[in-house]
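K.L.:
One structure, pasted below without further comment.
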Amino acid sequence: MKKTTLLDRRTPKDSDLPFWKTKTLAEMNPAEWESLCDRCGRCCVISIEDADTGALAWTDVTCKLFDTNACGCSDYPNRKKKVPDCVKLTPKNVPKLDWLPPTCAYRLVSEGRDLFWWHPLISGSFETVHVAKASVRGQTRTEGRLKIPGLLKRLTRWPEPLAEPPRAWAKQKRGKSPSRPKQRTD
């Protein structure tokens, strides 16, 4: 007797849907998991939690490995060795991490929501995360030797990403077929 799997129960309509709409985070393969990262860099920004209220305040300070111009980790494969308190995202911990930005694809998929227009899996380009003002590229400094008093001077309010592509970008992209983003291999 053939064992029935979740994939066998999909309707033809489901097979046309992208993986993030048909799989849970736990069901994704490593390439799918890594492709969810839009490289906005907001998860690398240091936040401060108010001990009384639990509210998070965001800074413009990032982990020492964050490359603000490239908008990514400068040593992704070794990040846990070099920054022991770096949190590796997992299907189990994503729902519990309140510091993940509300636009984070891992958070969105965990909550059963869809990705935004600017996500590389939708747009076909990693540049759209920056066009939409969803990233921190070029707007941060690394933590260095900053302690809490120094961090308190670096509090910032990150803007909401654009709800729609800017007209100039949409015109530029019209007629061109988007290239799919490359998968992270590190």
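Each value in this text was obtained by applying a stated rule to the coordinates, not by laboratory testing. Computed from a prediction, not measured in an experiment: that's the story for all the values here. Here the Cβ positions follow ideal geometry from the backbone for every residue, glycine too, while neighbour counts run over all protein chains shown.
K.L.:
Can you give the net charge of the other residues whose Cβ lies under 14 Å from the Cβ of Trp158, counting K and R as +1 and D and E as -1?
P.N.:
That works out to +3.
K.L.:
Using amide H atoms built 1.01 Å from N in the peptide plane, name the residues 5+ places from Phe66, or on other chains, whose amide H lies under 5 Å from its own.
P.N.:
Amide H to amide H, under 5 Å and 5 or more residues apart or across chains, Phe66 pairs with Ser74.
K.L.:
Mind checking the full-extension length gain between Ser15 and Lys88? Use 0.36 nm per residue of separation minus the Cα-Cα distance, one decimal, nm.
P.N.:
Stretched out fully, the Ser15 to Lys88 stretch lengthens by 23.3 nm.
K.L.:
Could you go through segment 126-133 in sequence order and give the Karplus-derived ³J(HN,Hα) for each residue, using 6.51 cos²θ - 1.76 cosθ + 1.60 with θ = phi - 60°, rounded to whole Hz, and x for Gly and Pro?
P.N.:
Coupling constants for segment 126-133: 6, 5, 5, 4, 7, 4, 7, 6 Hz.
K.L.:
Something else: What shape does segment 71-137 have by the C-alpha gyration tensor, where a ≥ b ≥ c are the square roots of the eigenvalues, rounded means a/c under 1.5, and otherwise prolate means a/b greater than b/c and oblate the rest?
P.N.:
oblate
K.L.:
Right, another one. Let's see if you can work this out: charge +1 on each Lys and Arg Cβ, -1 on each Asp and Glu Cβ, no other charges. What is the dipole magnitude of segment 17-160 about its Cα centre, in debye to the nearest 20?
P.N.:
Magnitude of the dipole: close to 440 debye.
K.L.:
Additional query: Mind listing the long-range amide H neighbours of Thr142? Cut-off is under 5 Å, sequence gap 5 or more, other chains count too, H placed in the peptide plane at 1.01 Å from N.
P.N.:
Thr62
K.L.:
List, in order, the whole-Hz ³J(HN,Hα) value for each residue of segment 146-156 obtained from phi through the Karplus relation with A = 6.51, B = -1.76, C = 1.60 and θ = phi - 60°; use x for Gly and Pro.
P.N.:
With coefficients 6.51, -1.76 and 1.60, one gets 5, 10, 3, x, x, 5, 4, 7, 10, 4, 8 Hz.
K.L.:
Label segment 16-81 by shape, choosing from rounded, prolate and oblate, from the square roots a ≥ b ≥ c of the eigenvalues of the Cα gyration tensor; if a/c is under 1.5 it is rounded, and otherwise prolate applies when a/b is larger than b/c, oblate when it is not.
P.N.:
It comes out oblate by the Cα gyration axes.
K.L.:
Where in segment 17-45 does the amide nitrogen come within less than 17 Å of the point 7 Å from the Cα of Lys96, taken along Cα to Cβ?
P.N.:
25-26
K.L.:
State whether segment 17-160 is rounded, prolate or oblate according to the following rule on the C-alpha gyration tensor (a ≥ b ≥ c being the square roots of its eigenvalues): a/c under 1.5 gives rounded; otherwise a/b larger than b/c gives prolate, and the remaining case gives oblate.
P.N.:
It comes out prolate by the Cα gyration axes.
K.L.:
Then there is this: Across segment 104-114, in residue order, what do the Karplus-derived ³J(HN,Hα) couplings come to in whole Hz, using 6.51 cos²θ - 1.76 cosθ + 1.60 with θ = phi - 60° and x for Gly and Pro?
P.N.:
Values, residue by residue: 4, 4, 4, 5, 4, 5, 4, 8, x, 9, 8 Hz.
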